[in-house]
Amino acid sequence: MEKKLRILVVLPMYGGSLPIGRYCVTALEELGHSVRVFEAPLFYPTFTALKNLDLSPEQITPLENAFLQVVSQAIWAHVQAFEPHIVFCLAQAPMSRMLLQRLRRTGIRTCMWFVEDFKIFQYWKLYAPLYDVFCVIQKEPFLTELKNLGQSHVLYLPMACQPSFHKRWPLTQEEQRIYGADIGFLGAGYPNRRLAFRPLVGKNFKIWGSDWDEETVLACAIQRNGERIHEDEAVKIYSATTITLNLHSSVQTQTLISHGDFVNPRTFELAAMQAFQLVDERSLLPELFRKDEIATFSTLEEMYDGIEFFLHHPEERTAFTQKAYARVIQDHTYAIRMQTLLSYIQETTGF
């Protein structure tokens, strides 16, 4: 019989990795393990309050560091009470270097799933060597850079879906009216998206999500003044939209399609919901989906042409969504990812 583990999951205080952490908790419980969650989001209001003090950055920084030490002490208290086999952390989890060193001395295995772009978020350089296992959503040159830092236990672990949550939701007529559109996008207003979406003004196009401030050209498409959308509402938006655009984020404006490597969570979530998506081509995507499972584009012209084609060919949309659904359920669920992770930890750290 496979060993059942006690796993402490440390969530981030906020951000895109927070819902991913909750999906991991559900998956670990589905696998039969005993899971305790450290609810770091409870500390977020206090953390943000520090930034609102009328103090200089030089005064705020030591206060934030002291606050994070308090949070680390709270995590340690959970460790003492729960005695986990593994402390599993999501990107941006409030883990101090001192706490990670303390956990290593006790023999408790630690793991981080770094579900971020290593080129943009570089705090991994300080923390990666202190984890027993470091999971990533990118490959080279990240793998080599981690090895050069002294982290030899690195696992490529792409994103996934949670089938019990990411499923097609039945909608009322009113919900279909509110959320429905020929073309939709849910996500932050990165510079490449602001420019790429402007030619779609005038079409039945809705933009959901935050960080679209001061956007004038797309203002007519932005819903609810760009407020943040909760995951429960996101599934309704995806269910009501004919074509969901899945353009990966980039801060570049010279090249609006980045041709990057990692595949975002939205790709897997939409597939699980049998929602049709147009995705910009990514170097790691062919390892995850076949060409007849996900419709892609490599240029903006291909994206615009794809929108027009698939709007008028529902049978083609259905063919893609059915194949993508079969693939994601077979290969790309959080339960599969967590089983892969736990097997790797046990094999490489010998507990």
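The table below lists the values:
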| read-out | value |
| --- | --- |
| Looking only at region 278-315, and only at residues there that are touching a Phe, Trp or Tyr at 6+ places or on another chain (Cβ under 8 Å) and closer than 16 Å to SER249 by Cα, the one that is surrounded by the fewest Cβ atoms within 10 Å (Cβ to Cβ) | LEU284 |
| Near pairs, Cβ below 9 angstrom, 6+ apart or cross-chain, from region 1-30 (touching a residue at least 12 places away in the same chain (Cβ under 8 Å) and assigned to a helix (DSSP H, G or I)) to any residue that is of a type in the set (Lys, Arg) and open to solvent by less than 20 Å² (accessible area, probe 1.4 Å) | CYS24/ARG337; ALA27/ARG337 |
| Qualifying residue in region 97-109 (condition: surrounded by 21 or more Cβ atoms within 10 Å (Cβ to Cβ) and within 17 Å of the chain's Cα centre (by Cα)) | no |
| Long-range neighbours under 9 Å by Cβ, at least six apart or interchain, first residue at pLDDT 95 or above within region 321-342, second open to solvent by 60 Å² or more (accessible area, probe 1.4 Å) and assigned to a helix (DSSP H, G or I) | TYR334/GLU30; ALA335/GLU30; ILE336/GLN330; MET338/GLU30 |
| Selected residue (criterion: least open to solvent (accessible area, probe 1.4 Å)) from residues of region 53-89 that are polar (S, T, N, Q) and under 28 Å from the mean Cα position of the chain (by Cα) | SER72 |
| Residue list for region 166-192, filter: open to solvent by 10 Å² or more (accessible area, probe 1.4 Å) and in a helix (DSSP H, G or I) | GLN173, GLU174, GLU175, GLN176, ARG177, ILE178, TYR179, PRO191 |
| Candidates THR318, THR267, filtered to the one that is in a helix (DSSP H, G or I), open to solvent by less than 50 Å² (accessible area, probe 1.4 Å) and polar (S, T, N, Q) | THR267 |
| Residue count, region 226-241 (criterion: more than 22 Å from GLY15 (Cα to Cα) and either at pLDDT below 95 or in a helix (DSSP H, G or I) (or both)) | 2 |
| Selected residue (criterion: least open to solvent (accessible area, probe 1.4 Å)) from residues of region 125-157 that are charged (D, E, K, R) and in a helix (DSSP H, G or I) | GLU145 |
| In region 207-225, residue modelled with the highest pLDDT [restricted to those that are touching a strand residue (DSSP E or B) at 6+ places or on another chain (Cβ under 8 Å) and more than 19 Å from ASP182 (Cα to Cα)] | TRP212 |
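The values are calculated or read from the model by the stated rules, or taken from the named source; none is laboratory data. Since the model is a prediction, treat every value here as computed from it, not as a measurement. Every residue, glycine among them, receives a Cβ derived from its backbone with ideal geometry; neighbour counts consider all protein chains shown. What goes into the accessible areas is simple: the full protein's heavy atoms, side chains included, and nothing from ligands, DNA or RNA. Shrake-Rupley method; radii C 1.70, N 1.55, O 1.52, S 1.80 Å.
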